[in-house]
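What follows is one structure encoded as structure tokens, with my remarks underneath.
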Amino acid sequence: MSHAPESQDPDDLRIASREVNGRGPWLKPGEQVPYGHVLHAAAQLRWSPAAVVSRLTALGYADIQHPEASLPGTVELDDVPLIRDVSAQYSPSWLDVGKPVSLRQVIESAGLADRGPADVARRLTVLGYRLGGAGRSLPESPNPGDIVLISTGHGRYEKWLDWGDEVSAFHVRVAAGELICSPYAAATRLIALGLRLPYTPEPVDELILKSSEEQGERHGARWLYGTPHVGHILAVAQETGRRPADIVARLTELGYDRPVAPDHPEADDLIILSEELDGRGPWLVKNTVVGLSMRHILRAALATGRSPADIAERLAALGHRLHENANLPAVADEADIRLLATLDRSYLDNVHLEHVLRSASLTGRSPADVASRLTALGHRLPDEVAYPEVRGSLAAAK
């Protein structure tokens, strides 16, 4: 059944058509005309909304939705995308002027129009809409990541934060990860959008939450994931002049599992905790299964001038323990470090003939010497083999 108006005036046909194009589908005389349609027609025809309402009434449309406030004087074509209901899943529809506008509507409309949320909010208010967060300030600058910041869940489980909602520290970190930005930047933007956080963002958070500087130089900024390493805590404490306990407390506020850090750092802590013994990340990985690397202990001893036993004791206090099978030498020896660099076996693994021969070949030592030294360092050599005392010709040539 056609609902086209009897009038053949081109403007009447446009006003009565749902897409304001003079063609069906048409508005139904018995149904309420959405306020969004009034604004759309006013923008397309360059009429005032009052003129559109007057003409619709003359055409027999008795039920026309109005805002609580007075009608705006003019409507621009740029206004039309702002009043499309972004929550409509299956067919385009107009924003209901009788309900408060959601934060999602403002943010998504701002993103689609590349306008600041504050600008969109002001314009919607001028057009007669009520904001759910009336009186709340919004950022002037556009940010395409805002819609990610206020979304939770995925797919059909996706929901949207609304005006004044409290955001968890975990959400801040997840959103920052999706936007590849710092958690501090995500937190400050969320607050600017009128949301509440369980903590107040501080500029120093940028430094506290950034992963090792060395990794950042190679791969771009990286942010902490999981329980922060004690080396990271000590490095930040040193750079900021704060106590490690203060850094730990702040990390806990920011939603991280409470890390452990010494109350009284020692001068060599950062050196012995760094994989490259340079006092910065990447930091020594804690391995509770195979234990601390003997080679790292010996390298750290040479780098600091301390004994292997002293290094092992300090690393144990920092959460890194040597495996019970390991035998610490009294002094660190470069020869042991070179030998251990050729061995890919932990203290849980048996060292067999092929491993001994490989190490002998790479170090230029005799298999008997290699086997003896590895045994002295605590490695298990279960094979009953008579290892030769002479070096192989390949190793000897080196």
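Worth a mention:
- If you check 264, 219, 232 for being buried (at least 19 other Cβ atoms within 10 Å of the Cβ) and either over 21 Å from residue 168 (Cα atoms) or modelled with pLDDT under 95 (or both), only one passes: 232.
- Listed by first and then second residue, the pairs with beta-carbon distance under 7 Å, at least 6 apart or on different chains, first residue in region 180-206 and closer than 13 Å to residue 161 by Cβ, second open to solvent by 30 Å² or more (accessible area, probe 1.4 Å) and part of a strand (DSSP E or B), are 196/166.
- Selection within region 58-99 - surrounded by 13 or more Cβ atoms within 10 Å (Cβ to Cβ), not aromatic (Phe, Trp, Tyr) and not in a loop (DSSP other than H, G, I, E, B): 64, 79, 80, 81, 82, 83, 84
- Residues satisfying the stated conditions in region 218-247, i.e. assigned to a helix (DSSP H, G or I) and in contact with a Phe, Trp or Tyr (Cβ under 9 Å, 6 or more places away or on another chain): 230, 231, 232, 235
- For region 117-131, the count of residues that are free of Cβ contacts under 8 Å to residues at least 12 places away in the same chain and β-branched (Val, Ile, Thr) is nonzero.
- Residue 97 being in contact with a helix residue (DSSP H, G or I) (Cβ under 6 Å, 6 or more places away or on another chain) and at pLDDT below 95: no
- Some residue of region 132-142 being at pLDDT 95 or above and not in a loop (DSSP other than H, G, I, E, B): no
- Entry remark, region 307-325: residues being crowded, with 16+ Cβ neighbours inside 10 Å, in contact (Cβ under 8 Å) with a residue 12 or more places away in the chain and within 40 Å of the chain's Cα centre (by Cα) number 11 in total.
- Boolean, residue 38 is of a type outside the set (D, E, K, R), part of a helix (DSSP H, G or I), open to solvent by less than 30 Å² (accessible area, probe 1.4 Å) and at pLDDT 95 or above: yes
The values are calculated or read from the model by the stated rules, or taken from the named source; none is laboratory data. Bear in mind the structure is a predicted one, so any value in this text is a computation, not a measurement. Positions of Cβ are generated from backbone atoms using ideal geometry, with glycine treated the same way; all protein chains shown enter the neighbour counts. Each accessible area value is taken on the protein alone, full model and side chains, heavy atoms only, with ligands, DNA and RNA left out. Shrake-Rupley method; radii C 1.70, N 1.55, O 1.52, S 1.80 Å.
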